[in-house]
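Notes follow the structure.
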Amino acid sequence: MSLPMSEGLRATVETCVFCPKLCRWACPVAEAEGRETVTPWGLMTLLDDVGRGRPLDADAAAIWAHCTRCGRCQQVCKHDNDVPGAILDARAAAVEAGVSPPGWRVWSDAPHPVSPSLDALPEGGPTVVLAGRADEARVAAALEVLAAAGWRDPARPKGGVRDAGHRALSAGRPVAFAAAVEALAAAVSEAETVICLDAEDAEALRFDYPERGVWSGPAPRVMHLIEAVHGRLEGLEPVIAGDVLYLDACRLGRGLGIVEPPRAMLKSVVGGALREALTAGDDGGCCGAGAGLAAVDPAAATAVARDAADIEPDVPVVIAGACSAHLRAALAPRPVRSWVELIADGLPR
Ligand code: SF4
Ligand code: SF4
């Protein structure tokens, strides 16, 4: 099967093919794996080859799995070339052709963590908490922090919906993503505010949903948890004595531009210094968990995580969001702390 190329996709691909790999150094996956095939240029050249008749097979799809959609290549590209978007098209074609790695589907259909705290909330209301992939500890901490910040009577989405469907999109399943979008829009139809615990959900709701004309009435205000509590918490107390290394989740820093607020709040609960990774802020690297890489090639995803945290090896790592589970597995026995759990521990008692 060939890969149908729109004019836009063809232009995006050719911009990379004729480029002297100027973003090579910026791709955390290519740097961690140390091979040319998985550089942004390599992924796009393969797409070009398939567009010109190379078989669209499992080998090609397996290469396209080596992108976490971190967006760093596009950020440093002088043409703002949308490599991660082109890789989504490539993945969708691979799924359509039946040659995608099984890990994509397993990852995108993985059940959400059980959360009694979330289940205890009423369904539907003016303020809805979209828990995403947060586990019980992260949900419970988030609800505690939201209450301390003055958010009264949070609810959960109707019908047990837990996220915005971004995993389906990353796994090359645009039809499943469209269904997830419809389900979430109905599940929060009465909400004035949707507070997302995962940056991926806030990003999808803020950028992808309006592009699709999802909201039949006024769109709800979409906030990431950090935006919902920043500037609203008083009297936070130190709960960790030494230094910590704060890692920016790429969808939080680069995707939503939330860089300083998590640091400012973290400084209140950390007795030591806040250390920075080599790549930080909205130029942050990647933990390796994004877009299903860990489900297809766990060793590569682990190598990316280790590169990201490759300074101050004795210092605990703090990260906000869904990457914490992957980082814990990849960096063990090094402690990895969840940002919101630290903030909840620091609330005045
Ligand atoms: S994303 Fe930009 S810098 Fe990177 S290979 Fe493509 S055109 Fe070159
Ligand atoms: S989006 Fe990130 S992982 Fe994907 S090719 Fe670009 S830099 Fe590499």
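Odds and ends about this structure:
- Taking segment 316-328 as the range and being out of contact with any Gly (no Cβ under 7 Å at 6 or more places or on another chain) and touching a residue at least 60 places away in the same chain (Cβ under 8 Å) as the test, the residues that pass are P316, V317, V318, I319, A320, G321, C323, S324, A325, L327.
- Scanning segment 59-99 for residues that are over 28 Å from G284 (Cβ atoms) and outside any helix (DSSP H, G or I) returns A97, G98, V99.
- Test result for L252, touching a Phe, Trp or Tyr at 6+ places or on another chain (Cβ under 6 Å) and either surrounded by 16 or more Cβ atoms within 10 Å (Cβ to Cβ) or over 30 Å from P101 (Cα atoms) (or both): no
- Filter result for the condition that a residue is part of a loop (DSSP other than H, G, I, E, B) and surrounded by 15 or more Cβ atoms within 10 Å (Cβ to Cβ), over L9, L56, L47: L56
- Here L347, L266 are screened, and the one residue that is more than 18 Å from the chain's Cα centre (by Cα), outside any helix (DSSP H, G or I) and touching a residue at least 40 places away in the same chain (Cβ under 8 Å) is L347.
- Considering each residue of segment 52-68 in turn, at least one proves to be small (G, A, S), out of contact with any Pro (no Cβ under 9 Å at 6 or more places or on another chain) and not assigned by TED's automatic domain parsing to the domain that holds S170.
- Any hit, segment 31-44, residues being loosely packed, with under 13 Cβ neighbours inside 10 Å, at pLDDT 95 or above and within 11 Å of ligand 1 (Cβ to nearest atom): no
- Selected residue (criterion: farthest from ligand 1 (Cβ to nearest atom)) from residues of segment 45-74 that are over 22 Å from G103 (Cα atoms) and under 20 Å from the mean Cα position of the chain (by Cα): R72
- Of all the numbered requirements in (1) away from ligand 1 (no atom under 14 Å from the Cβ); (2) farther than 20 Å from A171 by Cα; (3) touching a helix residue (DSSP H, G or I) at 6+ places or on another chain (Cβ under 6 Å), G8 misses one, and that requirement is (3).
- When A155 is tested against (1) closer than 28 Å to L236 by Cα; (2) touching a residue at least 60 places away in the same chain (Cβ under 8 Å); (3) touching a Ser or Thr at 6+ places or on another chain (Cβ under 8 Å), only condition (2) is not met.
- Among all positions in segment 76-83, there is at least one residue which is under 19 Å from R24 (Cα atoms) and either free of Cβ contacts under 8 Å to residues at least 24 places away in the same chain or away from ligand 1 (no atom under 15 Å from the Cβ) (or both).
- Tabulated pairs, segment 204-216, first closer than 18 Å to R167 by Cβ, second of a type outside the set (A, V, I, L, M, F, W, C) and at pLDDT 85 or above, C-beta under 8 angstrom, 6+ apart or interchain: A204/G165; A204/H166; D208/H166; V214/E182
- For the criterion of being surrounded by fewer than 23 Cβ atoms within 10 Å (Cβ to Cβ), of a type in the set (A, V, I, L, M, F, W, C), assigned by TED's automatic domain parsing to the domain that holds A325 and without any contact (Cβ under 8 Å) to a residue 60 or more places away in the chain, L278 passes.
- When R306, R254 are screened for being within 16 Å of ligand 1 (Cβ to nearest atom) and out of contact with any His (no Cβ under 9 Å at 6 or more places or on another chain), only R254 passes.
The values are calculated or read from the model by the stated rules, or taken from the named source; none is laboratory data. In this text, all values refer to a predicted model and were calculated from it rather than measured experimentally. Because the Cβ atoms are built from the backbone with ideal geometry, glycine has one as well, and the counts that use them run over all protein chains shown.
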